[in-house]
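Visitor: One structure, pasted below without further comment.
The values are calculated or read from the model by the stated rules, or taken from the named source; none is laboratory data. Model, not experiment: these values are computed from the prediction. Here the Cβ positions follow ideal geometry from the backbone for every residue, glycine too, while neighbour counts run over all protein chains shown.
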Amino acid sequence: MTTAETPTPTPPLTVAESPFLQAIVQQIRANDSYGTYRHWADELLLKPYILTKAQKREISVEGEVDPITQARIAAFFRAVAYCIEQETGMLSQVAIDLSHEGFGWALVFSGRLLLVSKTLRDAQRFSFVSLEKLSQEGDRLIEKGIELATRFPEVSQW
């Protein structure tokens with residue numbers, strides 16, 4: 001390959017470039033009642049969401065899902081609901097049910113309309129390989145939720 005044919009690497013995604021990542025950061029800070037994360041960089045707040053496959057394998061699925069992981073999952077789905085609500089103007093809520101073994105589901109709904117339904121397995125290992133993958137998964141769920149909300153607006157109203 002000549003230098004003219006060498007592909008230039010794309011720079012990594014930043015939080016400022018992704019409305020969804022900004023929404024997660026907003027959710028984390030909104031639930032920080034003691035102000036612990038007030039001065040933390042956005043990327044540092046999102047760091048627990050990013051794990052390599054090797055790091056994931058090191059996390060045991062034998063025990064309970066710790067409260068910090070539960071809060072991370074909740075912040076992810078609340079950010080999805082927030083972004084759907086921002087786009088559609090329809091109040092969106094989140095319900096998460098996790099067993100002590102790490103199995104369960106997360107729902108985002110508006111009125112009587114289920115916008116997002118996601119099965120959770122091995123919730124102790126809830127993470128993504130990069131900020132890009134985190135953003136892509138959130139954007140995918142948001143897109144599907146918006147599509148349902150606009151397709152069935154009469155169901156999503158109270």
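Table: residues versus (1) touching a residue at least 12 places away in the same chain (Cβ under 8 Å); (2) at positive phi.
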residue	(1), (2)
23	yes, no
41	no, no
54	no, no
60	yes, no
73	yes, no
83	yes, no
89	no, yes
98	yes, no
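Visitor: Can you say whether residue 96 is assigned to a helix (DSSP H, G or I), surrounded by 18 or more Cβ atoms within 10 Å (Cβ to Cβ) and touching a strand residue (DSSP E or B) at 6+ places or on another chain (Cβ under 9 Å), as far as the supplied structure shows? Steps first, please.
Guide: Numbers: assigned to a helix (DSSP H, G or I): no; surrounded by 18 or more Cβ atoms within 10 Å (Cβ to Cβ): yes; touching a strand residue (DSSP E or B) at 6+ places or on another chain (Cβ under 9 Å): yes.
The answer is no for residue 96.
The rows are residues; the columns are (1) within 23 Å of residue 53 (Cα to Cα); (2) hydrophobic (A, V, I, L, M, F, W, C).
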| site | (1), (2) |
| --- | --- |
| 64 | yes, no |
| 69 | yes, no |
| 92 | no, no |
| 96 | no, yes |
| 103 | yes, yes |
| 110 | no, no |
| 127 | yes, no |
| 146 | no, yes |
| 156 | no, no |
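Visitor: Moving to a separate point now. Would a scan of segment 37-51 turn up a residue that is loosely packed, with under 14 Cβ neighbours inside 10 Å, at pLDDT 90 or above, among the β-branched types (Val, Ile, Thr) and under 22 Å from residue 136 (Cα atoms)?
Guide: Checked segment 37-51: no residue is loosely packed, with under 14 Cβ neighbours inside 10 Å, at pLDDT 90 or above, among the β-branched types (Val, Ile, Thr) and under 22 Å from residue 136 (Cα atoms).
Visitor: Would you say residue 115 is in a loop (DSSP other than H, G, I, E, B), over 26 Å from residue 44 (Cα atoms), touching a helix residue (DSSP H, G or I) at 6+ places or on another chain (Cβ under 7 Å) and touching a residue at least 12 places away in the same chain (Cβ under 8 Å)?
Guide: No: the conditions fail for residue 115.
Let's see how each residue does on (1) more than 12 Å from the chain's Cα centre (by Cα); (2) modelled with pLDDT under 95; (3) polar (S, T, N, Q):
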residue: 76; (1), (2), (3): no, no, no
residue: 82; (1), (2), (3): no, no, no
residue: 99; (1), (2), (3): yes, yes, yes
residue: 102; (1), (2), (3): yes, yes, no
residue: 114; (1), (2), (3): yes, no, no
residue: 129; (1), (2), (3): yes, no, no
residue: 147; (1), (2), (3): yes, no, no
residue: 154; (1), (2), (3): yes, yes, no
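Visitor: If we keep just the residues of segment 119-146 that are small (Gly, Ala, Ser) and touching a residue at least 60 places away in the same chain (Cβ under 8 Å), which is farthest from residue 78 (Cα to Cα)?
Guide: 130
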